[in-house]
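Written out below as structure tokens is the structure these notes cover.
Coordinate-derived values only; no laboratory data. Remember, it's a predicted structure, so these values are computed and weren't measured experimentally. FYI the Cβ positions are ideal-geometry reconstructions off the backbone, even for glycines, and counts take in every protein chain you see.
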Amino acid sequence: MPAKKSTKKVAKKAATKTAKKAAKKVTKKVAKKAAKKVAKKAAPKKVAKKTVKKATKAALPSQEDLEKAAFYIYLQRCEQGLPGSQEDDWAAAVAQFAA
């Protein structure tokens, strides 16, 4: 009988060891997955900032847009009878797009 008891104890110990090893592996996998998720979440933010900067640069007015705006400012200024120059109209057009 004592041999059977010791065999059971050995089997129990082996089972708990394998269970502990399996738990460690699962814990490591979960930790790795969590780290990957955090890394993925952090990466798109950087990309988003870069795309915002690119979009801002792309949103700059073209030469033609500035010319039209300056012309309309000139027409408005003339209708009101106000003094001014081409440079003032151009500066006003640039300021209008900057705002």
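With each label modelled as a point 7 angstrom along the Cα→C-beta vector, the Ala99-Glu64 pair spans 2.6 nm.
Here the Karplus curve 6.51 cos²θ - 1.76 cosθ + 1.60, taken at θ = phi - 60°, turns the phi angles of the stretch 84-90 into couplings of x, 9, 4, 5, 5, 5, 5 Hz, with x standing for Gly and Pro.
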